[in-house]
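Colleague: Handing you a structure now.
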Amino acid sequence: MGNSPYSSLGLGELYNDAFTGSSGMGQSGVSTANSFEINNLNPALWVRNKFTTLDFGVIGQYKKVASGSARQTNSGGNLGYVALSFPVASRWTLGVSIKPYSFTDFSNKSSKIIAGTPYYADYYNSGKGGINKVSVTNAVQIGKYLSLGLESSYFFGNIRKASEASIGDGTDYLASVNDRTTYNDIAFKGGAALRIPIKKNNKLNLNLGGAYSFGTRINAVNTVSFELTQSSFPVIDPDTLVNKKNGSVRLPSQYQVGFSFEWPYKLTLSADYSHESWTDYRSFGSSDSKNGLNDVDRVHLGAEYTPRFGSLNYFNNVRYRAGFSTGNTPYIVKQSNIKDTNFSLGFTFPMGRGYQNFVSLSFIGGQRGVMGTGMIRERYGKIALGLTLRERWFEKQKID
């Protein structure tokens, strides 16, 4: 996703659980879903998918990073998600998905004079990698209005960080410390959604919903090595400082709650609040509560409008979205919490026979951080592209 200085903290920069449709609504929608696409914000909402549905998404980002007089632009992209849901029974939907959970991608350089010498030492810090998750989701309908869901996830991946130092005395010596941590374990997320009719004949619904990710410890294995080279040739044999040390990392609990008003196949207005307890995060081998991260509180607002569903006019069947999201991030720099605010627009275009498949686009633009001494400001633009394919499985054929 491009150079991200903040990804050096914690487990890196986190991906939102929102798929392309919800991304265009300010990452809101924990209370509402339709039968066209998968809503991944709440496991309970998967039960709304009455067709076998394959959702695939990619995401790209362009970013301008500024700190003091320094400026940098970069871009990148990644797989957003692959998800498959299918109804096992009229009130039970089963789903599987794979998506990235976090990524680490940073590189920076600083120089400092060595006391008592005329030489400078150059210091390089970099990191690459990330954590992914594979999930199995079960969602069931309880009675007319209530649905419940459980997402069981397996986390896996690794993060590699390197710290290097060289002395500008013409000797070309380079000292390097390489740190690699591999992660794997399981975690759970539960959800509930309530759909309450306000007007008869399904003219207006009030939706309430919430999802909770349980805090958990995931297994980790850490290896640290040291190298000293001259002109890229080893001066001494590499030394392993830590060899496959077992430990764990504590992931925080997270929840999102919200409500929405839904005029079916016409208009949806949603408002969500989310909280992530990053003060509970514990890095590898640490039990200290002072982890340098802060709890995250965000507000998400969104709207979706369909001019005239079922019309012969193509653009009357397009779904149009807009959204807004604001709040803080887990990161603290110079005792200041880093804020993040973004706006979004989205579109879903029907395609194929009977308009049963869809292409979705979402555009997100925002800013994270502000300018100041030792501070970093990021202005970013993201684009999410999603493809939804639907089909009926396991139907007994009938002959007229």
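Colleague: Mind checking which aspartates and glutamates have their Cα closer than 20 Å to the Cα of LYS244? Skip sequence neighbours fewer than 8 apart in that chain.
Modeller: Of all the aspartates and glutamates, those that pass the test against LYS244 - Cα under 20 Å, at least 8 places apart if same chain - are ASP179, ASP185, GLU227.
Colleague: With only alpha-carbon atoms counted, please give the Rg and Dmax of the chain, in Å.
Modeller: 24.0, 95
Colleague: In nm, what is the difference between 0.36 nm times the number of residues separating ASP280 and ASN316 and their Cα-Cα distance? Let's see the in-between values first.
Modeller: Numbers: separation 36, 0.36 × 36 = 12.96 nm, distance 4.75 nm.
Length gained between ASP280 and ASN316: 8.2 nm.
Colleague: Report ³J(HN,Hα) in whole Hz for each residue of the range 232-242, in order, from the Karplus equation J = 6.51 cos²θ - 1.76 cosθ + 1.60 where θ = phi - 60°; Gly and Pro get x.
Modeller: 6, 9, x, 8, 10, 5, x, 10, 8, 7, 10
Colleague: Running a GNM on the chain with Cα contacts under 10 Å, which residue among GLY366, GLY76, GLY24 ends up with the highest mean-square fluctuation?
Modeller: Of GLY366, GLY76, GLY24, the Gaussian network model singles out GLY76 as fluctuating most.
Colleague: Within the P(r) computed for the range 167-208, what percentage of the Cα pairs occupies the region above 14 Å?
Modeller: Values: 645 of 861 pairs.
The calculated P(r) of the range 167-208 puts 75 percent of pairs beyond 14 Å.
Colleague: Shifting gears a bit: Using a 1.4 angstrom probe and counting only protein chains, how large is the accessible area of TYR281 in Å², to 10?
Modeller: 10
Colleague: Please enumerate, by chain and number, the aspartates and glutamates with C-alpha under 15 Å from the C-alpha of LYS266, excluding those fewer than 8 residues away in the same chain.
Modeller: Cross-link targets: GLU304.
Colleague: Would you mind calculating the gained length between PHE233 and LEU94 on full extension (0.36 nm times residue separation, minus the Cα-Cα distance), in nm to one decimal? Before the final figure, lay out each step's value.
Modeller: On the way: separation 139, 0.36 × 139 = 50.04 nm, distance 5.45 nm.
Residue separation times 0.36 nm, minus the Cα-Cα distance, leaves 44.6 nm.
Colleague: Distance between Cα centroids, the range 145-198 to the range 21-69: provide it in whole Å.
Modeller: 19
Colleague: Hey, what number do you get for the chain at 222 nm if only DSSP H runs of n ≥ 4 count, each worth -39500 (n - 2.57), divided across all residues, to the nearest 500? Working shown, then result.
Modeller: Details: 1 runs with 4 residues, N = 400.
Calculated mean residue ellipticity at 222 nm is 0 deg cm²/dmol.
Colleague: Lysine pairs in the range 87-180 with alpha-carbon atoms under 17 Å apart, 8 or more places apart or on different chains: how many are there? Let's see the in-between values first.
Modeller: Working: LYS99/LYS133; LYS109/LYS128; LYS109/LYS161; LYS128/LYS161.
Counting lysine pairs in the range 87-180 gives 4.
Colleague: Rounded to two decimal places and with Rh computed the Kirkwood way over Cα pairs, what is Rg over Rh for the range 30-134? List each step's numbers first, then the result.
Modeller: Details: Rg = 22.7 Å, Rh = 17.8 Å.
Looking at the range 30-134, the ratio lands at 1.27.
Colleague: Another one. Taking 0.36 nm per residue of separation and subtracting the Cα-Cα distance, what length does fully extending ILE332 through LEU385 add? Let's see the in-between values first.
Modeller: Numbers: separation 53, 0.36 × 53 = 19.08 nm, distance 3.15 nm.
Here the answer is 15.9 nm.
Colleague: Which order do the peptides 333-344, 174-185 take when ranked by the mean count of other beta-carbon atoms within 10 Å per residue, highest first? Walk me through the numbers on the way to the answer.
Modeller: Working: 333-344: 15.2, 174-185: 17.2.
In descending order of packing, they fall as 174-185, 333-344.
Colleague: Given the options THR73, THR53, THR93, which has the most mean-square fluctuation in a GNM of the chain, springs set between C-alpha atoms less than 10 angstrom apart?
Modeller: In this elastic network of the chain, the residue with the biggest mean-square fluctuation among THR73, THR53, THR93 is THR73.
Colleague: Could you order peptides 221-228, 147-154 by the average number of other Cβ atoms within 10 Å of their residues, highest first? It would help to have the intermediate numbers written out before the result.
Modeller: Working: 221-228: 16.0, 147-154: 19.1.
In descending order of packing, they fall as 147-154, 221-228.
Colleague: For the range 99-113, take each phi angle, set θ = phi - 60°, evaluate the Karplus expression 6.51 cos²θ - 1.76 cosθ + 1.60, and give the result in whole Hz per residue in order, putting x for glycine and proline.
Modeller: Along the range 99-113, the couplings run 7, x, 9, 8, 9, 10, 7, 8, 7, 8, 9, 9, 10, 8, 6 Hz.
The values are calculated or read from the model by the stated rules, or taken from the named source; none is laboratory data. Since we're looking at a predicted model, the values are computed, not measured. Every residue, glycine among them, receives a Cβ derived from its backbone with ideal geometry; neighbour counts consider all protein chains shown. With ligands, DNA and RNA removed, areas are computed over all heavy atoms of the protein, side chains included. Shrake-Rupley method; radii C 1.70, N 1.55, O 1.52, S 1.80 Å.
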